[in-house]
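A.B. asks: Pasting a structure here, questions to come.
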Amino acid sequence: EVMQSSNVFTVGGTLSANAHGRDIDLTQVVEVVERFGLMLADGRIVEVSRDENPELFSLVIGGYGLYGVILDVTLRVTRDELYEQQAVWMDYGEFAAHFAREIKPDPDVALMIARPSIDPNPERLLKELVVVTWRPAAEGRSGEFELTEEAHVMRDRFFFGLSRRFDWAKSLRWSLQKRFEPTLGDAQPVSRNNAMRRPLAPVAFLDYVSGRDTDILQEYFVPVENFGAVMDRFRDILVAEDMNVLSATVRYVKPNSTPTLSYAPRTEMFAIILLLNVGLSGEAQEQATVVTRRLVDAALEFDGTYYLTYQLYPTPGQLHRAYPDAALAFERKRFYDPDEMFTNQFYERYGHSLPR
């Protein structure tokens, strides 16, 4: 019922990051986990659910593998329905009201994603949005349930590569997307599985290897009512720092305070996902660090958070402002794993107690 937009991830990793997706009814994977088996650092295998070892349930989901090995999981699933896609474009200032009026109360809307403009012109960057929704197909319409595969990978990789290098290519990509995506609703209906799969959620064309630069994802969660103000602040930062923005998307996340490291514990959020191209030189990485910290500060200023799955650019102070229970999470990690057997770069950056 809840999964990432592309189904190429492991189940254990999905739980460990408390992933979210396009569904607007159930938005965080913690909502659909019934129970799981966990092997602790001392070799014991324990059963974990909301009723049995509930503390571990809260720590492990969204806990990035620090507490043990997830062995097996019971998840709630849903039917692979047939959907029709609809898309409209609008100014970013209209999106929150449009979502509240047209999307959230509509019981037929199953999935939603918005794509802000990547046109680098400051008058257009992040200002226009294409808002895409999926609703059950009309009775009598037929569609294909067999899983689809990504096509035209080399072609798409070439044109996407142009947008890494040239602003005109970004402008062209956005112009074409704004023009053609709203017409896709007339195409053949798509199954739920395929709506979150290649080619509608392509992955292969994003493969990119270079010794000079790399593409990075970042994600910021902001209260729905603060969406416009945060987008304005993000635009100012990205333009001032001349950042290479390759893609942006927006999803909806309901609050859930069950995970100890919850990215949306109290209020409804829009998740703003940015795909940036950054250099690998020391100077370029220093700039990426500075820009990320400015973006995190902007999200925090407007009562938002950021997603822990990505780079380690934020400061420890920013982590603890965004996640007030981080100190508790690290303390309980050392309770369940006193020798700190399970580790990762995130923990060694922010929570490690033993000298290395």
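A.B. asks: How much mean residue ellipticity at 222 nm does the chain get from its helices, if each DSSP H run of length 4 or more adds -39500 (n - 2.57) and you divide by all residues, to the nearest 500 deg cm²/dmol?
C.D. replies: Values: 11 runs with 109 residues, N = 356.
Computed ellipticity for the chain at 222 nm equals -9000 deg cm²/dmol.
A.B. asks: To continue, here is another question. So which chymotrypsin sites (Phe, Trp or Tyr not before Pro) in segment 3-65 pass both tests, a DSSP loop state and at most 15 other Cβ atoms within 10 Å of the Cβ?
C.D. replies: PHE9
A.B. asks: Less than 19 Å apart at the alpha-carbon level, and either on another chain or at least 8 residues along: which aspartates and glutamates does that give for LYS127?
C.D. replies: ASP91, GLU94, ASP119, ASP167, GLU181, GLU219, GLU225, ASP232, ASP236, GLU241, ASP242
A.B. asks: Per residue, how much accessible area does segment 292-338 show when a 1.4 Å probe rolls over the protein heavy atoms, in square angstrom?
C.D. replies: Counting only protein heavy atoms, the per-residue value for segment 292-338 is 43 Å².
A.B. asks: Next question, about the same structure. Would you pull out the residues with amide H under 5 Å of ASP325's amide H, same chain only if 5 or more places away, H placed 1.01 Å from N?
C.D. replies: Hits under the 5 Å cutoff: none.
A.B. asks: Quick one: how many Å² of ARG235 are accessible to a 1.4 Å probe, rounded to 10?
C.D. replies: The accessible area comes out at roughly 20 Å².
A.B. asks: Kindly provide the trypsin sites (Lys or Arg not before Pro) of segment 136-184 that DSSP labels as loop, not H, G, I, E or B, and whose Cβ sees at most 14 other Cβ atoms within 10 Å.
C.D. replies: The qualifying sites are ARG141.
A.B. asks: Only one of the listed values, (1) 6, 27, 36, 25, 6, 0; (2) 6, 26, 33, 21, 9, 3, 1, 0; (3) 5, 23, 32, 27, 11, 2, 0, was derived from the coordinates as P(r) over Cα pairs in 10 Å bins from 0, in percent; which label is it?
C.D. replies: (3)
A.B. asks: How charged is the neighbourhood of ALA284? Take every other residue with its Cβ under 10 Å from the Cβ of ALA284, and add Lys/Arg as +1 and Asp/Glu as -1.
C.D. replies: Neighbour charge sum, excluding ALA284 itself: -2.
A.B. asks: Which GluC sites (Glu not before Pro) does segment 1-78 hold that lie in a coil by DSSP with at most 11 other beta carbons within 10 Å? The partial results should precede the final answer.
C.D. replies: Details: sites: GLU1, GLU31, GLU34, GLU47, GLU52, GLU55; in loops: GLU1, GLU52.
For GluC sites (Glu not before Pro) across segment 1-78 that sit outside H, G, I, E and B with at most 11 neighbouring Cβ atoms in 10 Å, the list reads GLU52.
A.B. asks: In the chain, what percent of the accessible surface is made up of carbon and sulfur (1.4 Å probe, ligands and nucleic acids excluded)?
C.D. replies: In the chain, the share of accessible area belonging to carbon and sulfur is 52 percent.
A.B. asks: Show LEU300, LEU246 ordered by accessible area, largest first, where the area counts protein heavy atoms only and the probe is 1.4 Å. It would help to have the intermediate numbers written out before the result.
C.D. replies: Working: LEU300 25, LEU246 0 Å².
The ranking, largest first, comes out as LEU300, LEU246.
A.B. asks: With a 1.4 Å probe and all protein chains kept in place, how much accessible area does THR315 have, in Å² rounded to the nearest 10?
C.D. replies: 40
A.B. asks: Gain in length, THR78 to ASP213, computed as 0.36 nm per residue apart minus the alpha-carbon separation, to one decimal in nm? Each step should come with its number before you reach the end.
C.D. replies: Working: separation 135, 0.36 × 135 = 48.60 nm, distance 4.03 nm.
Extra length from THR78 to ASP213 when fully extended: 44.6 nm.
A.B. asks: Got a number for the accessible area of THR78? Probe 1.4 Å, square angstrom, nearest 10.
C.D. replies: Taking all protein chains as shown, THR78 has close to 70 Å².
A.B. asks: Less than 15 Å Cβ to Cβ from ARG233, Lys/Arg counted +1 and Asp/Glu -1: what total charge do the surrounding residues give?
C.D. replies: Net charge in that neighbourhood comes out at -3.
A.B. asks: Give the accessible surface of segment 236-289 per residue, rounded to a whole number of Å², with probe radius 1.4 Å and ligands, DNA and RNA excluded.
C.D. replies: 37
A.B. asks: Once amide H atoms are built 1.01 Å from N in the peptide plane, which residues 5 or more positions from SER191, or in another chain, come under 5 Å H to H?
C.D. replies: Sorted by chain and number, the residues that satisfy this are TYR83, GLU144.
A.B. asks: Something else now. Using modelled backbone amide H atoms (1.01 Å from N, in-plane), which distant-in-sequence or interchain residues come within less than 5 Å of ARG35's amide H?
C.D. replies: Result for ARG35 returns THR74.
The values are calculated or read from the model by the stated rules, or taken from the named source; none is laboratory data. Remember, it's a predicted structure, so these values are computed and weren't measured experimentally. As a convention, Cβ positions derive from the backbone with ideal geometry for all residues, glycine included, and neighbour counts pool all protein chains shown. With ligands, DNA and RNA removed, areas are computed over all heavy atoms of the protein, side chains included. Shrake-Rupley method; radii C 1.70, N 1.55, O 1.52, S 1.80 Å.
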